[in-house]
Amino acid sequence: MSVGLLTFVTAFVMMFPARVAYNWFAPPVVQLGGLEGSIWSASAAEASVAGLYLRDLEWRLRPFHLLVGKLAASIKASPSSGFLEADVALGFGGDIMLTNVNGSLPLKAFATIARMPGLSGNASIQFEEFRIRDGLPVVADGTLAVADLVAPMVDASPIGGYRAEFFTENDAVVASIEDVNGAFDLAGSLTISADRNYQFIGKVAATDKTSDKLQQQLRFLGSPNDRGQHDIRLEGQL
């Protein structure tokens, strides 16, 4: 590309209205409100990305990615509390690609996505890469740590902290999950397949932090092994 053409493309991008770019390029899972600025540097008062609600979204475009068919930007945003920083690229095929992800988010922001009304707690996320296609995670490499988890479908009281290490294997997103001062002694593996099926297989045992109600629920999982662990298997579709 000649210097003159590169200068023209750069100037064009810097002046191009963000509203027009949003209408042209944004996939259906990205919704913005209160949009201001140019495609080069803009902000949105509200944003919803694959069901995750954010406020005060700001981004600065990385224009050279347009040459390889991607609309990419560095972003900062706020959920109802906490923060989120990432480099985001929107492929013209609709993929959402996030890299250098760092944030602290309230779990209630994921209640709708996870289909778990009343979900609460705090999540710390650090991902080198996370890719979403048609609302489904297809690539993940990073960690998710959860503290003060409340999941009413399990128990109305807090059930502690947990940590998941994500990686991508054989076209599936896989995570190893374990408790961190949780109400259970938990270890298992979560797999999210390209056909949108998910499966969690693990072992769970009561501890001195496990309430009587939760211990009663564990009995529904069958007889424990000689270490007091129950097998657990959850399956479904996203």
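Values in this text are rule-based calculations from the coordinates and carry no lab data. Everything numeric here is computed off the predicted structure, so don't read it as measured data. Cβ atoms come from the backbone with ideal geometry, glycine included; neighbour counts cover every protein chain shown.
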- So which trypsin sites (Lys or Arg not before Pro) in the range 91-132 end up in coil per DSSP with only 15 or fewer other C-beta atoms within 10 Å? R115
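Taking other Cβ within 10 Å of each residue's Cβ, how do L214, L54 sort, fewest first?
Details: L214 18, L54 21.
Going from sparsest to densest Cβ surroundings: L214, L54.
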- Ordered by residue, what ³J(HN,Hα) values in Hz, to whole numbers, does the range 148-164 give under the Karplus form 6.51 cos²θ - 1.76 cosθ + 1.60, where θ = phi - 60° and Gly and Pro are x? 6, 5, 10, 10, x, 5, 9, 6, 6, 8, x, 10, x, x, 8, 9, 10
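Using the Cα centre as the reference, give the magnitude of the dipole from point charges on the C-beta atoms of the range 63-237 (Lys, Arg: +1; Asp, Glu: -1; all else neutral), rounded to the nearest 20 debye.
Values: 14 positive and 21 negative charges, 89 e Å.
That gives the range 63-237 a dipole magnitude of about 420 debye.
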- Estimated FRET transfer efficiency when R0 is 35 angstrom, pair Q237-D212 (beta carbons, to 0.05): 0.60
- Report, by chain and number, residues whose modeled amide H sits under 5 Å from the one on G182, excluding near sequence neighbours (fewer than 5 apart, same chain). G161
- Backbone HN-Hα couplings from phi across the range 83-90 [Karplus 6.51/-1.76/1.60, Hz, Gly and Pro as x]: 7, 8, 10, 6, 9, 10, 10, 10
- Message: Helix 3-15 against the longest principal axis of the chain: what's the angle in degrees, Cα atoms only, rounded to the nearest 10?
- Response: 60
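Multiply the residue gap between S104 and V154 by 0.36 nm, knock off their C-alpha separation, and tell me the result in nm, one decimal place. Each step should come with its number before you reach the end.
Numbers: separation 50, 0.36 × 50 = 18.00 nm, distance 2.35 nm.
Length gained between S104 and V154: 15.7 nm.
Provide the gained length on full extension for the span S81 to E165, in nm with one decimal, where the gain is 0.36 nm per separating residue minus the Cα-Cα distance. Let's see the in-between values first.
Details: separation 84, 0.36 × 84 = 30.24 nm, distance 2.36 nm.
So the chain would gain 27.9 nm between S81 and E165.
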